[in-house]
Amino acid sequence: MKTCIVTSDYFVQGETFINRHIEHMFGGDTCILCGRFNGKDPLGKPLFERRAPLSVADRLRAPLAMGWNALVEGTGRLPFGDNARALEAWLRAERVEVILAEFGTQALVVAQLANRMGLPVFSYFRGTDASRALRSAQRVRSYKRMMPRLDGVFSVSQFLLDNLARHGVSHPNAHVVPSGVDIRRFTPGPKRPGSFLAVGRMVEKKAPRVTLRAFAAAARGREAHLTFIGDGPLLDPCRALARDLGVADQVTFAGALPHDAVRAALAETEIFLQHSVTARDGNTEGLPTAIQEALSAGCIPVSTWHAGIPEAVEDGVNGLLVPEWDEAAFADRIARLLDMSDRGPMTEAARRTAIAKFDNAVLLDKVETILRDSVAARS
């Protein structure tokens, strides 16, 4: 079934879940509608760039069209004029049978056009689009207007669906399907005793300074080493903090690394640290891919009661959880694991969880089945 995958920016190396859909959904029978194209297209799919330069006529229409759409639909980004006609012609030429918008905000852009063309359209909610976005009354209003136009909704966690519902945004055909992980590639290897790993952007939502202070409190002077993989605005402050805490020799800041390097690091790591928190602007995780990859690699996650993380990490079974911002509790759980004589059972439980819940081949098949069944029911 020819599927048009809608995303904001293409190609983004770190968006493995979107790239997987583009490459593999319905045997790779896909095309891409993106907001911006950065010039790299390693997947080689037909592509339409929505924000390509407008025609002269559309530039003249833009103030009125965008203003009207913002007023009525809650977003000024809907295609209009020559651009909309070109997009319709492209979708027909590609023989698209179903549209999957990878974020709620992208579904806003295409839902009305899809309805006009008689094309089934679905949205996938992944995090920011169902957390921070809901701080805007205009966005809530636009989502409520959009939902009846959709044939179905996916979310990476029940938390996000519940968060949408609290704002009066829901759909009768809603499904929780995590992004998943390739459990055949992310596998446990020989573990280095006392090894810790944190992966992700060095930003407020990941609270890397809390992670670093908790690790220092629990592991200073012990046989333990923490590696941070990722860059961002808090990278240099964390380097300075490690020196101030006296653990510079126990912490490595690797910066951003390719996905294969992350996979190799997870394979040999015992304990995975992710102190996810709700940012001041309301931004939350959905269900972090990094947590799913860590479980698949047999790492024991120490994380927070945040967003969809408790849907993956069962406290005391395959990992440990603490309240957001509870640095003392985070340090306590790190120390508890270091003191544990045999961490093997938790490592094995982590791997079992990934196999049972996060096999991306199984999850992709589930999405395809839901799309196929929903489209069949509509005809």
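A few comments on the model shown:
- Percent carbon-and-sulfur accessible area, region 123-274, ignoring ligands, DNA and RNA, probe 1.4 Å: 51
- For region 278-367, a crude dipole built from +1 on the beta carbon of Lys and Arg and -1 on the beta carbon of Asp and Glu, taken about the Cα centre, is about 220 debye to the nearest 20.
- Segment Ser170-Leu64, extension gain: residue separation times 0.36 nm, minus the distance between their alpha carbons: 35.1 nm
- Inter-centroid distance (Cα atoms) of region 282-318 relative to region 84-100, Å: 38
- The length gained by stretching the chain between Arg135 and Lys40 to full extension, at 0.36 nm per residue less their Cα-Cα distance, is 30.9 nm.
- Whole-number D in µm² s⁻¹ for region 134-258, Kirkwood Cα-pair radius fed into Stokes-Einstein, 10 °C, 1.306 mPa s: 88
- Considering all C-alpha pairs of region 230-372, those separated by over 28 Å amount to 22%.
- Degrees separating the helix 327-339 axis from the principal Cα axis of the chain, which is the longest one: 60
- Other-chain or far-sequence residues with amide H under 5 Å of Asp9's (modelled H): Gly35, Arg36
- Projected onto its three principal axes, the C-alpha set of region 1-81 covers 41, 24, 24 Å, listed from the longest axis down.
- Using Cβ point charges alone (K and R +1, D and E -1), the dipole size of the chain about the Cα centre works out to roughly 980 debye.
- Across region 194-201, coupling constants 3J(HN,Hα) worked out from phi with the 6.51/-1.76/1.60 Karplus curve, θ = phi - 60°, read x, 8, 10, 9, 10, 10, x, 4 Hz, and Gly and Pro carry x.
- 15 Å tail of the calculated P(r), region 41-83, as % of Cα pairs: 49
- Dipole axis of region 1-152 (+1 Lys, Arg; -1 Asp, Glu on Cβ), positive-most option in Asn115, Ile5, His21: Asn115
- Descending Cα extents along the principal axes, region 218-274, whole Å: 32, 28, 18
- Of the residues Ile355, Ile370, Ser341, the one whose Cα sits farthest toward the positive end of the charge dipole of region 333-376, with +1 on the Cβ of Lys and Arg and -1 on the Cβ of Asp and Glu, is Ser341.
- With Cα atoms as the point set, the radius of gyration and Dmax of region 69-148 evaluate to 12.8, 39 Å.
- Working ranking of peptides 271-280, 252-261, 224-233 by packing, defined as the average number of other Cβ atoms within 10 Å per residue, highest first, is 271-280, 224-233, 252-261.
- Highest average packing first - 87-93, 139-145, 156-162, Cβ atoms within 10 Å: 156-162, 139-145, 87-93
- Cβ-placed point charges (K, R +1; D, E -1), dipole of region 109-221 about Cα centre in debye, nearest 20: 460
- Surface accessible to a 1.4 Å probe, Met25 within the full protein complex, Å²: 0
- Per residue, region 222-377 exposes 40 Å² of accessible surface when a 1.4 Å probe is rolled over the protein heavy atoms with every protein chain present.
- Relative contact order, whole percent, for the chain stands at 15, derived from Cα pairs under 8 Å and 6 or more residues apart.
- Candidate residues Ser55, Ser374, Ser296: accessible-area rank, largest first, probe 1.4 Å: Ser55, Ser374, Ser296
- Surface/4 of the Cα convex hull for the chain, nm²: 18.8
- Against the chain, whose longest principal axis is taken from its Cα atoms, helix 137-146 shows a tilt of about 60°.
- Accessible area per residue was computed with a 1.4 Å probe on protein heavy atoms; Arg126 scores about 30 Å².
- Volume per residue for region 113-164 equals 75 cubic angstrom (convex hull of Cα atoms).
The values are calculated or read from the model by the stated rules, or taken from the named source; none is laboratory data. Note that this is a predicted model, so its numbers are computed, not measured. Every residue, glycine as well, gets a Cβ built from its backbone with ideal geometry; the counts of neighbours run over all protein chains shown. All accessible areas refer to the heavy atoms of the entire protein, side chains included, with ligands and DNA or RNA removed. Shrake-Rupley method; radii C 1.70, N 1.55, O 1.52, S 1.80 Å.
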